[in-house]
Amino acid sequence: MSETLASVPDAVEAAARRVLEAACAAERSIVTAESCTGGLLASLLTDVEGASHAFERGFVVYSEKAKCELLGIASDKIDRCGAVSRDVAVAMAEGALAYSHGDIAVAITGFAGPGAPGDEPGLVHFACAVRGGEADHREAHFGDIGRGPVRLACLGVALEMLERQLGPTAS
């Protein structure tokens, strides 16, 4: 049975607006690389009118094969670390920059719901990278709260990471 996504909270929409305004002010463009959120962040960022030039592109890389083909991640890295890991999240963000013209990339990979035996529902790894800089990583344990709520929680974390990378103009 599928689980529908609740509407995006006002605070998350406001954060998206702040991120895009900061990116516009800094003349920087954003790229997303999303797995468990399935393009939800890219969709949210393109919903803000008047800031389209701040969003460069989004990669939806739900499968391991897509992560390798679209972001240049070595399959042995996924085999070694797991698709839901710090190393893969960082590689996703770096790959998103390498395969785009964007200035800042955020990546999300995780288990929005129950996965294979031993997978932790709600475990999500995030990475945010800027050209010429170090990637920032965050690990979240949202718990077994359902696919929709995990995906919504991911939006808040990813936007917060983007705000931090964009600097003081984002506040």
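Annotations
- Computed over the chain, the convex hull of the alpha-carbon atoms projects to a mean area of 9.4 nm².
- The range 102-168 and the range 1-70 have Cα centres spaced 12 Å apart.
- MRE, 222 nm, helices only [DSSP H, n ≥ 4, -39500 (n - 2.57), over the chain, to nearest 500]: -13000 deg cm²/dmol
- Restricting the range 1-62 to chymotrypsin sites (Phe, Trp or Tyr not before Pro) that sit in a DSSP loop and have at most 16 other Cβ atoms within 10 Å of their own Cβ leaves Tyr62.
- Where labels lie 7 Å past Cα in the beta-carbon direction, separation of Ala14 and Ile145 in nm: 1.8 nm
- Within the accessible area of the chain (1.4 Å probe), percent carbon and sulfur: 50 percent
- Where labels lie 7 Å past Cα in the beta-carbon direction, separation of Glu134 and Tyr62 in nm: 3.5 nm
- Averaged per residue, the chain has 47 square angstrom of accessible surface, using a 1.4 angstrom probe with ligands and nucleic acids left out.
- Size of the range 59-102: Rg and Dmax of its alpha carbons, in Å, are 9.4, 29.
- Cα gyration tensor shape of the range 4-57, rounded if a/c is under 1.5, else prolate or oblate by comparing a/b with b/c: oblate
- Listed residue (Pro117, Leu162, Val130) projecting farthest to the positive dipole end of the chain, Cβ model: Val130
- DSSP-assigned coil residues among trypsin sites (Lys or Arg not before Pro) in the range 62-171, each with at most 15 further Cβ atoms within 10 Å: Arg131
The values are calculated or read from the model by the stated rules, or taken from the named source; none is laboratory data. The shown structure was predicted, so the numbers you read here are calculated from the model rather than taken from an experiment. In this analysis, Cβ positions are derived from the backbone assuming ideal geometry, glycine residues included, and neighbour counts consider all displayed protein chains. Accessible surface is based on the protein model in full, side chains and every heavy atom, while ligands, DNA and RNA are left aside. Shrake-Rupley method; radii C 1.70, N 1.55, O 1.52, S 1.80 Å.
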